1. For a quick check: sort E147, E122, E112, E61 by the number of other beta carbons within 10 angstrom, fewest at the front.
2. Could you list the residues of region 48-75 with an amide nitrogen less than 15 Å from a label point located 7 Å from the Cα of A130 in the Cα-to-C-beta direction?
3. How long are the semi-axes of the equivalent ellipsoid of region 1-82, taking √(5λ) for every eigenvalue λ of the Cα gyration tensor, in whole Å from largest down?
4. From a point 7 Å beyond the Cα of A148 in the direction of its Cβ, which residues of region 35-73 have a backbone N at a distance under 19 Å?
5. With θ set to phi - 60°, apply the Karplus curve 6.51 cos²θ - 1.76 cosθ + 1.60 along region 119-134 and write out the HN-Hα couplings as whole Hz, x wherever there is a Gly or Pro.
6. Would you mind calculating the gained length between Y83 and A9 on full extension (0.36 nm times residue separation, minus the Cα-Cα distance), in nm to one decimal?
7. How large is log10 of I(q)/I(0) for region 2-149 at q = 0.08, 0.12, 0.20 Å⁻¹ when the intensity is taken from the Debye formula with one equal scatterer per alpha-carbon?
Amino acid sequence: CAALAAAHAHGIVHRDVKPANVILAPCGVKVLDFGIATPAGAPDPAPDGVVVGTPAYLAPEQLDRQPATPAADMYALGVLLYYCLTGELPYEAGSATQLLGSRRRSPRPLPEVPGLPGEVAELCRRCLDADPSARPTSPMAALLLAEAVDARVYVPMSAVLPRQRASQVSPWTSRAAAEATEAMAVDAAPSGRVG
C-alpha cells in the first residue's frame, strides 16, 4: 500500500498489481514491473478490443476501458489481499473467458479468517467495491494496515518469528511469511530447485 501510495502521489497508476509483481525483500515489500503503468486519468492507449493487465486483477472499469485511476490499483490490491488471505480468487472461474464473465458480478465475500483483524477484512471488502469512488485510497489503506497489523511485521521475518511465541503471531501472518520465504528460496536456488 505504501508503494502504491508513493506511485499515486506522483500521478502514476501501476495497472498490474498482482502476486508476481509484489515481493518480500529483506528491506521490506517491493512493487515491481511498472511496464504498463500510465499517468492517472490517461485513456487506455491499447487498440480497441484489447484489455491490458492480468484479467483476475483488473477492476471492472478497466474491463470497460475507462481511463486508469488509482482506484483501479486499489481494486487489484483487494484481489491480492483476498488471495493472500484465502489462497483463492474472489471469483469462481475455470478459464479466462469464465473469469472475465464472472467479473461482471460481485466478488465472493471474504470467508472468516482466524486471527484476521476486522479492519483488514473490511479493507478487502471496500477495495473490491464495484464503485471506484467507494474504494479507499492507497495512503488510507497503508495507514489502516499499519494500525491493524502488529508493528513486529515490519521487522525482517527471519529476525522476529523465531523469538516470538506462536500465539503472538496471527496464522495468516505466519502463513504469508512461510510462503514468501519458500518462494524466495526457490528463486535464489541456481537451478530453480531448493535443496
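1. Details: E147 10, E122 14, E112 7, E61 17.
Fewest to most other Cβ atoms nearby, the residues stand as E112, E147, E122, E61.
2. Answer for this model: 59-64.
3. Values: eigenvalues 90, 37, 23 Å².
Whole-Å semi-axes of the equivalent ellipsoid: 21, 14, 11.
4. 71-73
5. Per residue, the Karplus-derived 3J(HN,Hα) values read 5, 6, 4, 5, 4, 4, 4, 5, 5, 8, 5, 5, 8, x, 6, 8 Hz.
6. Values: separation 74, 0.36 × 74 = 26.64 nm, distance 2.60 nm.
Stretched fully, the Y83-A9 segment lengthens by 24.0 nm.
7. -0.20, -0.47, -1.37
Where a number appears in this text, it was derived from the coordinates with a stated rule and is not lab data. This is a predicted model, so every value here is computed, not measured. When we count neighbours, we look across all protein chains shown, and the Cβ atoms used for this are built from the backbone with ideal geometry, even at glycine.
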